Amino acid sequence: MKPFKLFLYSLSFVTALILVLFALNVFPIPGTDSVVFIPAALLLSKGLGLANPLYYVTQVTDLTHTNRFNYYVPFYPYLLGLLSKVNPGIKTIFFICSLIGSTGLFLYTKTLTALLPQKLSNLAKAVALFSIPYTATYLLPTIGRPEGLTILLVFLVYLLYRNRKGVNQLVYNFLLCLLFSFILASQLICFYFCFLVFVTYELLNTESVVKVIRDNVLRVIVTIGLFCLVVSLSPNGLMPTIIGIKTHAALVLTRHDRSIPLFIHYWFLSQVNFGFLVLFLLVSGFYLYELNGKVKNIDAIRRWLVILIQLFIAYGIGKFILYASPTVYNATQYILPLSLYLVISISMLEKNSFQLPLKGLALLTYIAGTVFFMRDILLFIDYQKDGKTYDAAKAIVTPLMKSGKNVYITQSLWSLNENLDEVKIFDGIHFKKDDTIIVQQAYHPFPPALVGKCTIIYDWSTAEHRKFLGKSLSNRPQGYSFVICKIN
């Protein structure tokens, strides 16, 4: 193996180990959306069904009022819950999340080393190199969203398609439908785009339009059948889940959190997918250039079908991705094939006036994202040195929650108590005299609703600004530091 490719593998291995280390220490502190999915996996692992008493939407979607997880397709928490039955617990679940992310990262590296041209410029080598730790920022295990799984599943579809000629056709089609059904049962929108891009390349690479249409109609039928089977086997069953999803979707698609500042934040400045907009635009440019070249050499029927599918893709981007700025995760879940496509496309650029700007722009984006991943590592070191760790916080918070029914926590501290019946999340509205509120330092400022209305009775906070070797890393701590307040 050539030294450069060996170095790529080594970098991927070290990066994967860091993701596992983060998971075992439940770092970074679980973000907002982890509370939507991970509690259901935790309860399932303990044999308590697929439910989520911590997410308010169950009050709308679950007509039985038993907090059933029926507001989203269930495969992600269902899979995590089943796998973590070996040792039920928060750390086990996030450890499994890290293994899923690490598997995707390793497959990305393996495919990248196989597809890179033999002769590479130093600039192209740098793009390939920095794409690995950059991608890791999308795979942080405690994000706790189903995209952590669909990132891997989408890439498996790509790998299966790439090796389609070496696989028995019956096996190929079964595996393809199985992966599509898992994607559909994990994240509905993911299937929409994945399938449309898949059919696009089917049309571009085959001569028979009839065969493509026939095969993919059959695949959709089998996929939907397998999807129904998977959802039916999940604890809440098919029809209650479909009804819950329909109710939830009606709420979600009316979101209005869309503006230019929000778009810039989530698509460009967010630390977990920094510069994604740049990569998305670069990949779109290469993709449209490729399509333009290929549709000229195919018959009219295939050409118009390809164009029609691209219109559906464009419609989907507007309808399912751009309708709200925070829903960038509907696009970032394709980061592995997107990044692979970009790196390979850039490495094969011939010498022309566009070569250096495109390579330079991609490299700067990958380097900037890598810096954020390195920042996470430094913050993890700071987190350990500071002592405001998951285990230390859990030892304080769990007994307090057990001691009284009027103890509330702010949202990202939910994982400190694995008995979810004792967890009550502070909503900033409903509180009364003598209630106890445990307020996290990470992510959010002190709740305005509590200012002047409470007394701090226990201070487990730390310095707001986090520094490493005298350099500022963050304006807020990244660990489990908190203060305990009593309502006056």
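The values are calculated or read from the model by the stated rules, or taken from the named source; none is laboratory data. This one's a predicted model, so the numbers in the text were calculated from it and none came from an experiment. In this analysis, Cβ positions are derived from the backbone assuming ideal geometry, glycine residues included, and neighbour counts consider all displayed protein chains. Ligands, DNA and RNA are excluded from the accessible area calculation, which covers all protein heavy atoms including side chains. Shrake-Rupley method; radii C 1.70, N 1.55, O 1.52, S 1.80 Å.
Of everything in region 195-247 that is surrounded by 14 or more Cβ atoms within 10 Å (Cβ to Cβ) and of a type in the set (Gly, Ala, Ser), the residue that is farthest from residue 41 (Cα to Cα) is 244. Screening 418, 422, 464 for residues that are within 23 Å of residue 38 (Cα to Cα), among the acidic types (Asp, Glu) and over 27 Å from the mean Cα position of the chain (by Cα) leaves exactly one candidate, 422. From the list 286, 268, the one residue that fits, being in contact (Cβ under 8 Å) with a residue 12 or more places away in the chain, of a type outside the set (S, T, N, Q), in a helix (DSSP H, G or I) and in contact with a Leu (Cβ under 8 Å, 6 or more places away or on another chain), is 286. Within region 391-408, the residues that satisfy the criterion of being under 15 Å from residue 484 (Cβ atoms) and either assigned to a helix (DSSP H, G or I) or in contact (Cβ under 8 Å) with a residue 60 or more places away in the chain (or both) are 392, 393, 394, 395, 396, 397, 398, 399, 400, 401, 402, 403. Given the options 317, 260, 242, name the one that is among the β-branched types (Val, Ile, Thr) and under 23 Å from residue 199 (Cα atoms). Every option except 317 fails the conditions. I'm checking my understanding of the structure. Among residues of region 380-390 that are charged (D, E, K, R) and in contact (Cβ under 8 Å) with a residue 40 or more places away in the chain, which one is surrounded by the fewest Cβ atoms within 10 Å (Cβ to Cβ)? Here the answer is 386.
On inspection, residue 368 fails the criterion of being open to solvent by less than 10 Å² (accessible area, probe 1.4 Å), modelled with pLDDT of 90 or more and of a type in the set (A, V, I, L, M, F, W, C).
Residues of region 1-26 that are modelled with pLDDT of 95 or more and assigned to a loop (DSSP other than H, G, I, E, B): 25, 26. When 156, 175 are checked against the criterion of being under 30 Å from residue 376 (Cα atoms), open to solvent by 50 Å² or more (accessible area, probe 1.4 Å), among the hydrophobic types (A, V, I, L, M, F, W, C) and assigned to a helix (DSSP H, G or I), 156 stands alone in meeting it.
Looking at 311, 253, which is the one that is aliphatic (A, V, I, L, M), over 19 Å from the mean Cα position of the chain (by Cα), modelled with pLDDT of 95 or more and open to solvent by 80 Å² or more (accessible area, probe 1.4 Å)?
That would be 311, the only listed residue that is aliphatic (A, V, I, L, M), over 19 Å from the mean Cα position of the chain (by Cα), modelled with pLDDT of 95 or more and open to solvent by 80 Å² or more (accessible area, probe 1.4 Å).
Mind counting the residues in region 314-364 that are part of a loop (DSSP other than H, G, I, E, B) and crowded, with 19+ Cβ neighbours inside 10 Å? Qualifying residue count for the region: 3. For residue 167, only one of the following conditions fails: (1) aliphatic (A, V, I, L, M); (2) farther than 23 Å from residue 187 by Cα; (3) open to solvent by 40 Å² or more (accessible area, probe 1.4 Å); (4) at pLDDT 95 or above. What is its number? With (1) aliphatic (A, V, I, L, M); (2) farther than 23 Å from residue 187 by Cα; (3) open to solvent by 40 Å² or more (accessible area, probe 1.4 Å); (4) at pLDDT 95 or above applied to residue 167, the lone miss is (4). Has region 424-439 got at least one residue that is under 23 Å from residue 474 (Cα atoms) and either at pLDDT 90 or above or surrounded by 16 or more Cβ atoms within 10 Å (Cβ to Cβ) (or both)? Looking through region 424-439, at least one residue is under 23 Å from residue 474 (Cα atoms) and either at pLDDT 90 or above or surrounded by 16 or more Cβ atoms within 10 Å (Cβ to Cβ) (or both).
Look at region 416-442: where a residue is under 20 Å from residue 454 (Cα atoms) and a partner is aromatic (Phe, Trp, Tyr) and open to solvent by less than 30 Å² (accessible area, probe 1.4 Å), sitting 6+ places away or on another chain with Cβ atoms under 7 Å, you get 425/414; 437/426; 438/482; 439/482; 440/482; 441/482. Quick one: in region 441-488, which of the residues that are of a type in the set (Ser, Thr, Tyr) and part of a loop (DSSP other than H, G, I, E, B) is nearest to residue 428 (Cα to Cα)? Among those residues, the one meeting the criterion is 443.
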